[in-house]
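Remarks on the structure that follows.
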Amino acid sequence: DAGVIQSPRHEVTEMGQEVTLRCKPISGHDYLFWYRQTMMRGLELLIYFNNNVPIDDSGMPEDRFSAKMPNASFSTLKIQPSEPRDSAVYFCASSPFSRDSANYGYTFGSGTRLTVV
Amino acid sequence: ILNVEQSPQSLHVQEGDSTNFTCSFPSSNFYALHWYRWETAKSPEALFVMTLNGDEKKKGRISATLNTKEGYSYLYIKGSQPEDSATYLCAFTPAGGFKTIFGAGTRLFVKA
């Protein structure tokens with residue numbers, strides 16, 4: 001398996017533009033997580049899905065952020081309109097997380113470094 | 001508010017030293033405790049996931065223990081090597097969901 005695949009690796013955009021980050025989880029993992037990493041706040045959970053259904057989006061900072069998972073192999077995180085304070089590294093992770101497979105933990109993608117100027 | 005605290009924030013050791021870090025988490029509503037290793041410019045990699053009080057896990061020179069009653073976990077590295085230099089994250093998953101909360105990490109520097 002190629003692991004969790006995120007694209008793009010780097011994104012530079014102007015304030016006000018729409019940004020879409022993409023994630024392909026590991027096949028068979030029924031949990032998908034979006035995290036944001038900043039110097040000030042570390043790794044913050046934005047939203048997670050179970051079997052393509054959003055379960056908890058309480059970490060999504062504001063209405064400018066939205067996430068979808070149209071099928072088991074694809075998820076997007078969209079920011080519209082983007083602002084400079086959204087600049088961060090966004091990680092996607094997947095897990096088969098259940099008590100029987102708790103040893104697997106999360107598998108993280110390589111992240112998307114977003115810079116909004 | 002769930003809080004995961006890690007100490008120390010950073011640690012400088014010499015090659016061959018053994019070292020340990022602490023992770024504190026809420027002792028109620030426990031489901032799982034994870035440890036991850038995060039090298040600069042890479043993504044976090046899972047080391048251990050522990051679910052039972054008293055669990056001990058080992059992978060090579062790295063081991064971890066878990067005390068869910070008092071809400072702490074220790075990560076030990078025996079005979080540190082320069083390639084162990086990384087940030088070590090712990091993460092707490094509460095029962096009733098999978099809203100895993102990460103600590104800020106312990107940054108380890110191993111000097112040759």
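Just so it is clear, none of the values below were taken in a lab; they were calculated from the coordinates. Bear in mind that the values here come from a model prediction, so they are computed numbers and not experimental data. Cβ coordinates were reconstructed from backbone atoms using ideal geometry, including for glycine residues, and neighbour counts include every protein chain displayed.
Is it the case that some residue within the stretch A:51-72 is on the phi < 0 side of the Ramachandran plot, in a strand (DSSP E or B) and acidic (Asp, Glu)? Yes, some residue in the stretch A:51-72 is on the phi < 0 side of the Ramachandran plot, in a strand (DSSP E or B) and acidic (Asp, Glu).
Residue B:69 - would you say it is more than 14 Å from chain A (Cβ to nearest Cβ) and over 21 Å from residue B:16 (Cα atoms)? Spell out how you get there, then give the answer.
On the way: more than 14 Å from chain A (Cβ to nearest Cβ): yes; over 21 Å from residue B:16 (Cα atoms): yes.
Yes.
Every condition in (1) part of a loop (DSSP other than H, G, I, E, B); (2) out of contact with any helix residue (DSSP H, G or I) (no Cβ under 9 Å at 6 or more places or on another chain) holds for residue A:29 except the one numbered (2). Against the list (1) in contact with a Leu (Cβ under 7 Å, 6 or more places away or on another chain); (2) aromatic (Phe, Trp, Tyr); (3) closer than 16 Å to residue B:31 by Cβ, the condition residue B:98 fails is (1). Condition check for residue B:42 on (1) out of contact with any Ser or Thr (no Cβ under 6 Å at 6 or more places or on another chain); (2) touching a residue at least 40 places away in the same chain (Cβ under 8 Å); (3) of a type in the set (D, E, K, R); (4) within 14 Å of chain A (Cβ to nearest Cβ): one failure, at (2). Report yes if some residue within the stretch B:65-80 is closer than 29 Å to residue A:5 by Cβ and touching a Lys or Arg at 6+ places or on another chain (Cβ under 9 Å); otherwise report no. There is no residue in the stretch B:65-80 that is closer than 29 Å to residue A:5 by Cβ and touching a Lys or Arg at 6+ places or on another chain (Cβ under 9 Å).
Conditions tested, residue by residue: (1) away from chain A (no Cβ under 14 Å); (2) buried (at least 19 other Cβ atoms within 10 Å of the Cβ); (3) acidic (Asp, Glu).
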site: B:13; (1), (2), (3): yes, no, no
site: B:17; (1), (2), (3): yes, no, yes
site: B:22; (1), (2), (3): yes, no, no
site: B:26; (1), (2), (3): yes, no, no
site: B:30; (1), (2), (3): no, yes, no
site: B:33; (1), (2), (3): no, yes, no
site: B:36; (1), (2), (3): no, yes, no
site: B:50; (1), (2), (3): no, yes, no
site: B:55; (1), (2), (3): no, no, yes
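Yes or no: the stretch A:4-20 includes at least one residue that is touching a helix residue (DSSP H, G or I) at 6+ places or on another chain (Cβ under 9 Å) and surrounded by 15 or more Cβ atoms within 10 Å (Cβ to Cβ). The answer is yes, given that some residue of the stretch A:4-20 is touching a helix residue (DSSP H, G or I) at 6+ places or on another chain (Cβ under 9 Å) and surrounded by 15 or more Cβ atoms within 10 Å (Cβ to Cβ).
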